[in-house]
1. Quick check on the range 12-50: of everything there that is hydrophobic (A, V, I, L, M, F, W, C) and in a helix (DSSP H, G or I), which residue is surrounded by the fewest Cβ atoms within 10 Å (Cβ to Cβ)?
2. Just to be sure, is residue 302 at pLDDT below 95, out of contact with any Pro (no Cβ under 7 Å at 6 or more places or on another chain) and away from the ligand (no atom under 13 Å from the Cβ)?
3. Applying the selection to the range 212-221, what residues are open to solvent by 10 Å² or more (accessible area, probe 1.4 Å) and either among the acidic types (Asp, Glu) or closer than 13 Å to residue 248 by Cα (or both)?
4. Find all pairs meeting these conditions: Cβ atoms under 6 angstrom apart; at least six residues apart or on different chains; first residue within the range 49-60 and free of Cβ contacts under 8 Å to residues at least 40 places away in the same chain; second residue buried (at least 24 other Cβ atoms within 10 Å of the Cβ).
5. Within the group 144, 166, 160, which residue is buried (at least 16 other Cβ atoms within 10 Å of the Cβ) and on the phi < 0 side of the Ramachandran plot?
6. For residue 96, only one of the following conditions fails: (1) modelled with pLDDT under 95; (2) among the polar types (S, T, N, Q); (3) within 16 Å of residue 369 (Cβ to Cβ). What is its number?
7. Any residue in the range 283-295 that is open to solvent by 10 Å² or more (accessible area, probe 1.4 Å), more than 16 Å from the ligand (Cβ to nearest atom) and under 20 Å from the mean Cα position of the chain (by Cα)?
Amino acid sequence: MKKILLKKGREYSVAAKRHPWVFSGAVESGEGAAGELVEVCDSKGVRIAQGWYSPLSQIRVRIVPEKPVADLVAESIGRRAAFYADGSVTAVRLVNAENDRLPGVVVDCYCGWAVCQFTSAGADARKAEIAAAVMKYAPFCKGVSERLDVDSREKEGLPVEPRFQVLAGAEPPELVEISEGPCRFLVDVRRGHKTGFYLDQRDARALVGSMSNGAEVLNCFSYTGGFGLYARSGGAASVVQVDISEDALELARKNETLLRGCGTAMEYVQADVFQYLRKCRDEGRSFDMIVLDPPKFAASKSQLMKAARGYKDINLLAMKLLRPGGTLATFSCSGAMTEELFLKVLSEAAEDAGRDFQIVARTRQAADHPVAVSFPEGLYLKGAFLKAID
Ligand code: SAH
């Protein structure tokens, strides 16, 4: 195995803190091919770990345990056994990349149809092995496919294409129907966002559902209707689903038809949320529950300040539209935005709105998107439920 020697003192992060990344600045000498398994050594040449080499990325080596990849996949899937236990959830993230000790490997499974993203050179080089292991160990797995349209592949020198390909087993249907809590959703595994669905918001959706009885709900950035349909199941009086994407709204409407009829008045609005919230303000509208689940505003730390202004803008507008006693369920999925900073943005928005709020709940990504203790970067999704107290 080729040796990568670290600069003096730079072994601490990998050897002691167990962080899974070796940055290019920490490397003294040595190189490998894209995706090659290499030995990571301290400055004296003593082996401290092994990892997958990425010649083009700032993250030069991604640490992996000394085990066959198929075993790591099997273990990761095994840790999700509880999710399948009662049958109420049929869509689960089976592998959450670094947090499951498989760097750059994401596997989401929708009713037996596994969809992968490979965002490190090492992961991409091992996709056949990974797909075979998913096929073998995932419950009811019928096929494993891959999305090639993930932007972060570019940093690793991997092609980014608007393409989807089957790696093992059968070809999935156009739309896969999953059930989650009280809802059913059609997932477009070929063209939908990420691998097709935002599995990470499962717990937050349930919480919104539990708080929606009798409420007039505004679900901003609705995508295929998730939060709004949970609110409907939870007995909301009305739900407005707002998204900029007509395709997402079309699927949201279809998802509604999968559910039993009820008295909730549903409305679907194709609009830019920034403009729509202003329109609601100008028309003097108000709501009992507002959900704000925007896309990632900050892709990196350099975009953080601009992103913070975007978060503050929509949260301030939403806070003003809440009735007394109403709840704002607000989220940030930008990894660069810490929980602390997010709460600061919310407190500044509340200050400008001139209203008192209390935090009644906080959420993070669901448990099938775990965060490795050694990898704080793994925590990206933060949520706060703010109640307007007058
Ligand atoms: N809450 C959803 C996920 C939201 S993803 C769920 O639980 O499934 C973010 C959504 O925001 C995407 O559907 C995207 O189309 C939409 N979007 C992005 N920018 C927008 C904008 N400016 N106005 C309205 N919708 C927007």
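1. Of everything passing the filter in the range 12-50, 15 is surrounded by the fewest Cβ atoms within 10 Å (Cβ to Cβ).
2. It is true that residue 302 is at pLDDT below 95, out of contact with any Pro (no Cβ under 7 Å at 6 or more places or on another chain) and away from the ligand (no atom under 13 Å from the Cβ).
3. 216, 221
4. 49/40
5. Residue meeting the stated conditions: 144.
6. That leaves (1) as the condition not met.
7. no
One line per residue, one yes/no per condition, for (1) in contact with a helix residue (DSSP H, G or I) (Cβ under 6 Å, 6 or more places away or on another chain); (2) open to solvent by 20 Å² or more (accessible area, probe 1.4 Å); (3) away from the ligand (no atom under 16 Å from the Cβ); (4) under 23 Å from residue 208 (Cβ atoms):
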{"position": "277", "(1), (2), (3), (4)": "yes, no, no, yes"}
{"position": "313", "(1), (2), (3), (4)": "no, yes, no, yes"}
{"position": "333", "(1), (2), (3), (4)": "no, yes, no, yes"}
{"position": "345", "(1), (2), (3), (4)": "yes, no, yes, yes"}
{"position": "364", "(1), (2), (3), (4)": "no, yes, no, yes"}
{"position": "369", "(1), (2), (3), (4)": "yes, no, no, yes"}
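The values are calculated or read from the model by the stated rules, or taken from the named source; none is laboratory data. The shown structure was predicted, so the numbers you read here are calculated from the model rather than taken from an experiment. Neighbour counts run over all protein chains shown; Cβ positions are idealised from the backbone, glycine included. Ligands, DNA and RNA are stripped out before the accessible areas are found, and what is left, the full protein with its side chains, is counted by its heavy atoms. Shrake-Rupley method; radii C 1.70, N 1.55, O 1.52, S 1.80 Å.
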